[in-house]
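Take a look at the structure set out below.
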Amino acid sequence: MLGEYLENVHQNSPLIHCITNYVTVNDVANMLLASGASPIMSSEPRDVEEITSICSGLYINIGTLTKRGVRGMNIAGGAAERLGHPMVLDPVGAGASTYRTKTALDLMESLHFHVIKGNISEIKTLADGSGSTRGVDASAADVVTEDNLDVMVQFAKDFAKARECIVVITGKIDLAADAERCFVIRNGKKEMGKITGTGCQLGALINAYICANPREMLGAAAAAVCAMGAAGEIGWSRMEDGDGNATYRNRIIDAVYNMTGAMLNKCARYEIR
């Protein structure tokens, strides 16, 4: 059951080095703390190699790119590879600009990521080497639905096989796949899309889960996706009159903080294909 992966995060409390965008850095840190992990944030090239050496994993998010930050990503990634640390890439907005797309593709060529997480438009961009997205949101034409689910599951498996990684595709229906298996996950609330940073939080959460469960990374990644979606459901159920997206953000983090393995086992809605 997926709850075991959550309990392992609590027991191991992995320290995650995050090179993430400045829009959501505080929320990412708080999500990791809520999950039982610990965050450390650094993108300075003179700092990242040493920081990576004391951590368990590396989360790279390209949401707000700078030349210095990209250099830091490559230095940190090289150090993480040498140390055998699990790495997650979040190619935020890949396809929205040439620079973002090239940065994501270059990182994928120079570093081996254990998990690549994005919406379907971002992942298709990486698969094709080009594309377009509406900012950081998925194109309506690319949404994973019940009607195209078989095709999207195969696409996820093919991408994972080609990149020798786990791929997490987020949306109304979430997919977490390697070359052989795909978790089809139906947790979450559409209102989570009204909060800036839930995707960034999920990327860091996935890193914590795979660090705490290195022998079962696909199951761990799927557990993280289910936990985040379940937290969205729990948080929404506790909204009151007058509450808005700022309150909802906090309720999601609180739900992760209070979640147990037994709760996740009860709430997780998924199938394996």
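The values are calculated or read from the model by the stated rules, or taken from the named source; none is laboratory data. Model, not experiment: these values are computed from the prediction. Heads up, the Cβs are rebuilt from the backbone with ideal geometry, glycines too, and the neighbour counts pull from every protein chain shown. Heavy atoms of the whole protein, side chains included, go into the accessibility calculation; ligands, DNA and RNA do not. Shrake-Rupley method; radii C 1.70, N 1.55, O 1.52, S 1.80 Å.
Output yes when any residue across the stretch 66-83 is buried (at least 21 other Cβ atoms within 10 Å of the Cβ) and either without any contact (Cβ under 8 Å) to a residue 24 or more places away in the chain or touching a His at 6+ places or on another chain (Cβ under 6 Å) (or both), and no when none is.
No.
Determine whether S97 is within 19 Å of the chain's Cα centre (by Cα) and hydroxyl-bearing (S, T, Y). Working first, answer last.
Working: within 19 Å of the chain's Cα centre (by Cα): no; hydroxyl-bearing (S, T, Y): yes.
Against the criterion (within 19 Å of the chain's Cα centre (by Cα) and hydroxyl-bearing (S, T, Y)), S97 does not qualify.
Among the listed residues A204, A177, which satisfies the condition of being touching a Phe, Trp or Tyr at 6+ places or on another chain (Cβ under 6 Å), buried (at least 18 other Cβ atoms within 10 Å of the Cβ), modelled with pLDDT of 95 or more and closer than 22 Å to I62 by Cβ? I'd like the intermediate steps shown before the answer.
Working: A177 fails: touching a Phe, Trp or Tyr at 6+ places or on another chain (Cβ under 6 Å).
Just a single option satisfies the conditions, and that option is A204.
Being crowded, with 24+ Cβ neighbours inside 10 Å and under 22 Å from I16 (Cα atoms) is the requirement here; does C182 meet it?
When the stated conditions are applied, C182 does not pass them.
Filter the helices (runs of 4 or more DSSP H) completely within the stretch 132-251 down to those with at least 1 residues that are among the β-branched types (V, I, T), touching a Lys or Arg at 6+ places or on another chain (Cβ under 8 Å) and more than 30 Å from S42 (Cβ to Cβ).
Working: elements: 149-163, 198-212, 217-237.
In the stretch 132-251, the matching helices (runs of 4 or more DSSP H) lie at 149-163, 217-237.
Would you check if L107 is under 18 Å from the mean Cα position of the chain (by Cα), surrounded by fewer than 19 Cβ atoms within 10 Å (Cβ to Cβ) and not basic (K, R)?
Judged against the criteria, L107 is not a match.
Any residue in the stretch 187-215 that's on the phi > 0 side of the Ramachandran plot: show its pairings with residues that are among the charged types (D, E, K, R) at Cβ separation under 9 Å, as long as the two are six or more apart or on different chains.
Qualifying pairs under 9 Å: G188/K172; G188/D174; G188/E233; G197/D27; G197/R249.
Among the numbered criteria (1) open to solvent by less than 10 Å² (accessible area, probe 1.4 Å); (2) more than 16 Å from the chain's Cα centre (by Cα), which one does M87 miss?
Looking at each condition in turn, M87 falls short on (2).
Check off (1) more than 15 Å from the chain's Cα centre (by Cα); (2) free of Cβ contacts under 8 Å to residues at least 60 places away in the same chain; (3) within 20 Å of Y5 (Cα to Cα); (4) surrounded by 21 or more Cβ atoms within 10 Å (Cβ to Cβ) for I169 and give me the number that stays unchecked.
I169 satisfies every listed condition except (1).
Which of (1) buried (at least 19 other Cβ atoms within 10 Å of the Cβ); (2) under 18 Å from the mean Cα position of the chain (by Cα) does G235 not meet, given it meets every other one?
Every listed condition holds for G235 apart from (2).
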